[in-house]
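Enquirer: Structure below; questions to follow.
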Amino acid sequence: MAALAQLRDCQAWRDAGLPLSTPSNEACKLFDATLTQYVKWTNDKNLGGIEGCLSKLRAADPTFAMGQVISNGLVLIGTGSSVRLDRELDLAVKTMVETSHTQLLTPREQLHVSAVEAFAKGNFPKACDLWEQILRDHPTDMLALKFSHDAYFYLGYQEQMRDSVARVYPFWTPDIPLSSYVKGIYSFGLMETNFYDRAEKLAKEDSDMLACHNYWHWALYLIEKGEYEAALTIYDQHILPSLRSSGAMLDVVDSCSMLYRLQMEGVSVGQRWQDILPVTQRHSQDHILLFNDAHFLMASLGARDPQTTQELLTTLQDASGSPGENCQHLLARDVGLPLCQALVAAEDGNPDRVLELLLPIRYRIVQIGGSNAQRDVFNQLLIHAALNCTSRVHKNVARSLLMERDALKPNSPLTERLLRKAASVHLLE
């Protein structure tokens, strides 16, 4: 097939200045096929799908270090498994490290191994530093660029996510495979740091990069307009089926976030939380990303499952007490736990407690990662809680938050609805 014929063999990787330490041309091509699908965020049947390519890659050269790097890295970057709970993954990462010690790898490949090892330990900043070392000498190393981009996203490092691509962007000439996707990656970083005009211009310059959760963004637009039934139709026809078929964390958090936003708007979501709960239950003790934890909690609260809720909170508390070098566990005590406790307080009908927990950390929530659009669910939670507060101390918080939101995003139907609600309870007098 044409798709397979265009994949890079050993010589092509050497010509690109990115030699791979394997004698197998097939392994090199399968590495390229896997990388291509990761960057495009798709399972391409013409290439055999990511799992199919990785299986063939392992068979082609079981000791191929970069094959182990991309295989382990993709599992870890998916944030659905951790070496702490997954023995098979833990063994695979240890085998990768041991293999790197017994082979003559290039310095670039050694850095890749070390970066994935650091990420596996939860030390995302160290992993990013190692990927940046690679990119300084090898600016067209797409695996380093994409892994670092995703890790910065998880860390809430918006400027680093943008600047990491800015530093290498001039080297990505149109003849280099996947160069058009670099435009999309760069455009996202620009958008998250409020360079909207530049982001739009770049995205229109022949970028093939499309958000994998466009349906979710479409549904948010409908919720913003108050068209709730249309948003639920998109959820039922596109978002939930994607969750069922993939189990990917992005689909999980999209589903949780959307239902939670609808509930805050007073919309009944029926039994839809019950569809999500079996997936999130399996991850209640993972604590890989605080961003994920908060969304898993939305599901157990929405499905009224106190046992899973308590399990998540207790194990998160335990993780925060013995963090080691895990950056998420380090952040859990000061940001993750208060955020999760605020979600519980909201469910318990205690809006004053929500404010006590969220107001002090509202400018730190960016540290749990995600995009501006994704984290806005927590801004909305704070506003809804403020609107329902009974304490005189919190009397004017809702007014302040709504004035701020209106200044940042004028003519928003959602903000206008909230302003009308505030007026109805005499908060705008």
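Enquirer: Relative to the longest principal axis of the chain, what angle (0 to 90°, nearest 10) does the C-alpha long axis of helix 65-77 take?
Expert: Relative to the chain, helix 65-77 is tipped by roughly 10 degrees.
Enquirer: In a GNM of the chain with a 10 Å cut-off on Cα contacts, which of SER400, SER114, SER255 has the highest mean-square fluctuation?
Expert: Among SER400, SER114, SER255, the largest mean-square fluctuation in the Gaussian network model of the chain belongs to SER400.
Enquirer: Within the P(r) computed for segment 50-119, what percentage of the Cα pairs occupies the region above 18 Å?
Expert: Tail of the P(r) past 18 Å holds 34 percent of the pairs.
Enquirer: How many angstrom lie between the C-alpha centres of segment 359-429 and segment 1-56?
Expert: Comparing the Cα centres of segment 359-429 and segment 1-56, I get a distance of 47 Å.
Enquirer: To continue, here is another question. Using all alpha carbons of segment 217-280, what is the percent of pairwise distances in each 10 Å bin, ordered from the shortest bin to the longest?
Expert: Histogramming segment 217-280 at 10 Å steps yields 22, 60, 18, 0 percent.
Enquirer: Here's something else I'd like to know. Take the alpha carbon gyration tensor of segment 285-366, find the square roots of its eigenvalues, order them as a ≥ b ≥ c, and report rounded if a/c is under 1.5; if not, report prolate when a/b exceeds b/c, else oblate.
Expert: Here segment 285-366 falls in the oblate category.
Enquirer: At q = 0.28 Å⁻¹, what is the base-10 log of I(q)/I(0) for segment 133-189 according to the Debye formula with one equal point scatterer per Cα and no solvent? Please give it to two decimals.
Expert: Summing over Cα pairs of segment 133-189 leads to -1.24.
Enquirer: In angstroms, what radius of gyration and Dmax does segment 2-143 have, counting Cα atoms only?
Expert: So, for segment 2-143, Rg and Dmax equal 14.3, 41 Å respectively.
Enquirer: If each DSSP helix of 4+ residues adds -39,500 (n - 2.57) and the sum is divided by the residues in the chain, what number results at 222 nm, nearest 500 deg cm²/dmol?
Expert: For the chain, the value works out to -20500 deg cm²/dmol.
Enquirer: Rounded, prolate or oblate, given the Cα gyration tensor of segment 96-184, with a/c below 1.5 counting as rounded?
Expert: oblate
Enquirer: Dividing the Cα radius of gyration by the Kirkwood radius, what Rg/Rh value follows for the chain?
Expert: 0.99
Enquirer: Assuming 0.36 nm per residue, please report the length gained on full extension of the stretch ARG87 to THR106 beyond their Cα-Cα distance.
Expert: My answer for the length gained is 4.0 nm.
Enquirer: Restrict the search to segment 1-99; then list the chymotrypsin sites (Phe, Trp or Tyr not before Pro) that DSSP places in a loop and that have at most 16 other Cβ atoms within 10 Å of their Cβ.
Expert: TRP41
Enquirer: Which of the lysines could a cross-linker span from LYS29 if the Cα-Cα distance has to be under 26 Å and same-chain partners fewer than 8 positions apart are dropped?
Expert: By straight Cα distance, LYS29 reaches LYS40, LYS45, LYS56, LYS94, LYS146, LYS183.
Enquirer: Take segment 203-319, compute every pairwise Cα distance, and split them into 10 Å bins from 0; I just need the percent in each bin.
Expert: Result, from short to long distances: 13, 43, 30, 11, 2, 0 percent.
Enquirer: Whole-Å semi-axes of segment 304-429's equivalent ellipsoid, largest first, each the root of 5 times a Cα gyration tensor eigenvalue?
Expert: Semi-axes from the Cα gyration tensor: 29, 17, 12 Å.
Enquirer: Give the angle, between 0 and 90 degrees and rounded to the nearest 10, that separates the Cα long axis of helix 25-40 from the longest principal axis of the Cα atoms of the chain.
Expert: The angle comes out near 20 degrees.
Enquirer: Could you sort TYR221, TYR186 by their accessible area in this structure, using a 1.4 Å probe and putting the largest first?
Expert: TYR221, TYR186
The values are calculated or read from the model by the stated rules, or taken from the named source; none is laboratory data. All figures in this text were calculated on a predicted structure; none of them were measured in a lab. Backbone-built Cβ (ideal geometry, glycine too); neighbour counts: all protein chains shown. Only protein heavy atoms, including side chains, enter the accessible area calculation; ligands, DNA and RNA are left aside. Shrake-Rupley method; radii C 1.70, N 1.55, O 1.52, S 1.80 Å.
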